[in-house]
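Let me begin by handing over the structure; questions about it come next.
The values are calculated or read from the model by the stated rules, or taken from the named source; none is laboratory data. These figures come from a predicted structure and were not determined experimentally. In this analysis, Cβ positions are derived from the backbone assuming ideal geometry, glycine residues included, and neighbour counts consider all displayed protein chains. Side chains included, ligands, DNA and RNA excluded: accessible areas come from the protein's heavy atoms. Shrake-Rupley method; radii C 1.70, N 1.55, O 1.52, S 1.80 Å.
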Protein chains: 2
Amino acid sequence: MTTSHRPPLSPTPRSTLNRSKERGRADRAELDAVLDAGLICHLGVLLGGTPVVIPTVYGRDGDTLYLHGSTGAGNLRAAVTSDISVAVTHVDGLVYARSAMHFSMNFRSAVIRGRAIEITDPDHRLHGLRVVVEHSAPGAWTRVRAPDKKEMAATMVLALDLTEASVKIRTGGPKDDPADIETGGTWAGVLPLRQVWDTPIPSEDLEPGIETPTDVLTRAATVIATH
Amino acid sequence: MTTSHRPPLSPTPRSTLNRSKERGRADRAELDAVLDAGLICHLGVLLGGTPVVIPTVYGRDGDTLYLHGSTGAGNLRAAVTSDISVAVTHVDGLVYARSAMHFSMNFRSAVIRGRAIEITDPDHRLHGLRVVVEHSAPGAWTRVRAPDKKEMAATMVLALDLTEASVKIRTGGPKDDPADIETGGTWAGVLPLRQVWDTPIPSEDLEPGIETPTDVLTRAATVIATH
């Protein structure tokens with residue numbers, strides 16, 4: 001995938017950042033990095049006229065975000081009848097300041113808005129599911145049993161265009177008021193936070209003699225990006 | 001705070017779980033635990049008639065969730081003009097199954113819906129801000145400079161009742177189809193994930209001789225709960 005011909009982010013007024021402009025990023029590579037480092041997104045849909053936010057898995061392929069779920073899930077049905085929003089956020093640390101109102105967090109976040117479409121083409125549906133599964137478990141798709149007809153029939157696959165997206169990133173130490181720095185005497189700094197994988201745990205019903213596969217070991221050895 | 005007289009969760013039809021009922025929890029203590037372990041929430045508000053999901057900090061005091069933000073933030077202004085939704089999610093591991101459609105994640109999540117109200121009473125506003133700051137940085141409030149009049153005037157404090165809330169928790173190994181287990185030959189299990197604090201980093205503009213305070217050291221030594 002090349003990014004050279006992709007449009008910049010925030011091409012619509014409603015995705016243009018109004019606050020903390022210095023934290024906004026207009027680089028598609030940064031959007032991709034935030035999305036690719038995430039395991040779940042928070043999906044906002046309209047249900048009965050009011051928003052509901054649901055954690056769910058996702059995958060990215062180029063400028064398309066894929067979501068999936070049960071055909072019986074009202075939330076996902078609602079996701080194709082009006083615009084939705086998807087947010088992916090990483091917390092990288094707590095920022096301790098010299099004054100309460102300057103406490104903050106270091107984070108990376110992407111917020112997307114748009115209208116999702118339900119994918120109906122069988123090959124495209126299978127592709128979308130593979131993108132979602134391999135987003136969190138790279139290399140696992142070809143090692144495990146593929147979806148059968150019954151599973152495919154029970155699954156909705158949605159695609160959301162990533163055109164209307166904004167990225168915010170905060171890094172570094174506290175931004176205290178000069179007067180508080182001058183007064184002195186108060187500790188300020190960052191308490192960094194990161195995610196780590198632990199050792200894979202075989203399923204209790206796994207038969208003896210099955211080694212942990214390479215894709216799982218590789219995933220477990222992956223350092224989860226911080227910023 | 002006692003929980004014995006608090007109502008059970010999900011007292012309204014729209015917060016009653018329709019899917020995966022076995023993952024739903026009706027215990028207020030579990031709601032509190034999910035919320036208290038989180039650092040950020042994802043806030044869903046209506047903007048221009050469609051939902052937008054925004055990561056933000058929060059704090060809990062009893063059955064009230066507090067949010068805060070700049071008075072200039074359109075998102076927070078929108079949060080008091082229609083119902084909102086707040087979700088807090090922890091990912092505890094990837095669940096590798098024997099078939100693609102049984103891949104899952106171990107997680108704990110809380111989803112709240114309701115109408116937030118803007119707090120106007122000065123003492124209550126200050127209390128709400130303290131709850132938010134101390135949620136992520138316990139013990140820091142009394143060590144740092146309190147908000148001044150200008151900062152208070154620039155800050156909105158919102159309160160959201162936790163009555164309409166649902167909690168979902170998934171733990172354990174994959175739930176594979178019996179036929180796939182019988183076929184055998186495919187590894188299945190869990191890759192656990194957790195968050196860890198790293199060593200506190202003093203701010204570059206910190207004067208010499210200020211030791212890292214106890215509340216920061218205690219926070220850094222806190223094991224972030226998994227399930």
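Hey, does the stretch B:156-179 have a residue that's more than 18 Å from the chain's Cα centre (by Cα) and closer than 20 Å to A:LEU191 by Cβ?
No, the stretch B:156-179 contains no residue that is more than 18 Å from the chain's Cα centre (by Cα) and closer than 20 Å to A:LEU191 by Cβ.
Take the stretch A:160-217 and flag every residue that is closer than 30 Å to A:VAL111 by Cβ, crowded, with 19+ Cβ neighbours inside 10 Å, facing chain B (nearest Cβ under 7 Å) and in contact with a Ser or Thr (Cβ under 6 Å, 6 or more places away or on another chain).
A:GLY173, A:PRO174, A:ALA188, A:GLY189 - these are the residues of the stretch A:160-217 that are closer than 30 Å to A:VAL111 by Cβ, crowded, with 19+ Cβ neighbours inside 10 Å, facing chain B (nearest Cβ under 7 Å) and in contact with a Ser or Thr (Cβ under 6 Å, 6 or more places away or on another chain).
So which pairs qualify, if the first residue must be in the stretch B:92-104 and within 18 Å of B:ALA179 (Cβ to Cβ), the second must be in a strand (DSSP E or B) and of a type in the set (S, T, N, Q), the Cβ gap must be under 8 Å, and the two must be at least 6 apart or on different chains?
Taking only residues 6 or more apart or on different chains, the pairs are B:ALA97/B:SER104; B:MET101/A:THR155.
Give the residue that is modelled with the highest pLDDT, with candidates limited to residues of the stretch A:34-68 that are part of a loop (DSSP other than H, G, I, E, B) and at the interface with chain B (Cβ under 7 Å from one of its Cβ atoms).
Of everything passing the filter in the stretch A:34-68, A:LEU39 is modelled with the highest pLDDT.
Another one. Return only the number of the condition from (1) open to solvent by 10 Å² or more (accessible area, probe 1.4 Å); (2) of a type in the set (Gly, Ala, Ser); (3) touching a Ser or Thr at 6+ places or on another chain (Cβ under 9 Å) that B:ALA97 does not satisfy.
(1)
Shifting gears a bit: Failed condition for B:ALA116, given (1) farther than 18 Å from B:VAL57 by Cα; (2) more than 10 Å from every other protein chain (Cβ to nearest Cβ); (3) open to solvent by less than 20 Å² (accessible area, probe 1.4 Å), with all others met?
(1)
Further, regarding this structure: Residue pairs, Cβ under 8 Å, 6 or more apart or interchain, first in the stretch A:105-121 and closer than 22 Å to B:LEU39 by Cβ, second hydroxyl-bearing (Ser, Thr, Tyr) and assigned to a loop (DSSP other than H, G, I, E, B). List them.
From the stretch A:105-121, the pairs are A:ASN106/A:THR171.
Give the number of residues within the stretch A:189-213 that are touching a residue at least 40 places away in the same chain (Cβ under 8 Å) and out of contact with any Lys or Arg (no Cβ under 9 Å at 6 or more places or on another chain).
Adding up the residues that qualify gives 5.
Does the stretch A:69-96 hold any residues that are more than 7 Å from every other protein chain (Cβ to nearest Cβ) and outside any strand (DSSP E or B), and which are they?
A:THR71, A:ASN75, A:LEU76, A:ARG77, A:ALA78, A:ALA79, A:VAL80, A:THR81
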